[in-house]
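Visitor: I'd like to ask you about the structure that follows.
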């Protein structure tokens, strides 16, 4: 039986991107939550200077937290894709990545903003992981 190789480079890129994607999506969801109110837009030089260390810190935490889900999800989708051609599609990987956090979010009673951020991060990470997968 043909065995595809795991996309470890894409998995590491997805893990590095998970933290910033999660924080950005959570911020957008929070801004959307206040849509009836005016949205304040003010960017200072101090905020821009603080952005780089914060992004590095968030990337580190995101890497640690997303490593296991990215590895397990990629392995599962690679095995499914080896058996069934439909699971090789990028769309199927993205759907699986976005659907993975839903049961935990529903059972845990997470707020909608956090659920959206988790699902968007899962979708983006799965799409990045699929980019390196070869069948």
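The values are calculated or read from the model by the stated rules, or taken from the named source; none is laboratory data. This one's a predicted model, so the numbers in the text were calculated from it and none came from an experiment. Methodologically, a virtual Cβ is constructed for each residue, glycine included, from the backbone with ideal geometry; neighbour enumeration extends over all protein chains shown.
Visitor: How about the range 79-97: which of its residues are loosely packed, with under 13 Cβ neighbours inside 10 Å, in a helix (DSSP H, G or I) and out of contact with any helix residue (DSSP H, G or I) (no Cβ under 8 Å at 6 or more places or on another chain)?
Guide: Selection gives 83, 85, 91.
Visitor: Residue 119: out of contact with any strand residue (DSSP E or B) (no Cβ under 8 Å at 6 or more places or on another chain), crowded, with 17+ Cβ neighbours inside 10 Å, farther than 16 Å from residue 15 by Cβ and modelled with pLDDT of 95 or more, yes or no? Steps first, please.
Guide: Details: out of contact with any strand residue (DSSP E or B) (no Cβ under 8 Å at 6 or more places or on another chain): yes; crowded, with 17+ Cβ neighbours inside 10 Å: yes; farther than 16 Å from residue 15 by Cβ: yes; modelled with pLDDT of 95 or more: yes.
In short, yes.
Visitor: Still on this model: Just a yes or no: is a residue in the range 51-62 surrounded by 14 or more Cβ atoms within 10 Å (Cβ to Cβ), within 13 Å of residue 122 (Cα to Cα) and within 23 Å of the chain's Cα centre (by Cα)?
Guide: yes
Visitor: Identify, by number, the condition in (1) surrounded by fewer than 16 Cβ atoms within 10 Å (Cβ to Cβ); (2) under 29 Å from residue 135 (Cα atoms) that residue 73 doesn't meet.
Guide: Evaluating residue 73 over (1) surrounded by fewer than 16 Cβ atoms within 10 Å (Cβ to Cβ); (2) under 29 Å from residue 135 (Cα atoms) leaves (1) as the failure.
Visitor: Continuing with the same structure: Taking the condition at pLDDT 90 or above, surrounded by fewer than 10 Cβ atoms within 10 Å (Cβ to Cβ), in a helix (DSSP H, G or I) and out of contact with any strand residue (DSSP E or B) (no Cβ under 6 Å at 6 or more places or on another chain), does residue 107 pass? Before the answer, list the steps.
Guide: Working: at pLDDT 90 or above: yes; surrounded by fewer than 10 Cβ atoms within 10 Å (Cβ to Cβ): yes; in a helix (DSSP H, G or I): yes; out of contact with any strand residue (DSSP E or B) (no Cβ under 6 Å at 6 or more places or on another chain): yes.
Judged against the criteria, residue 107 is a match.
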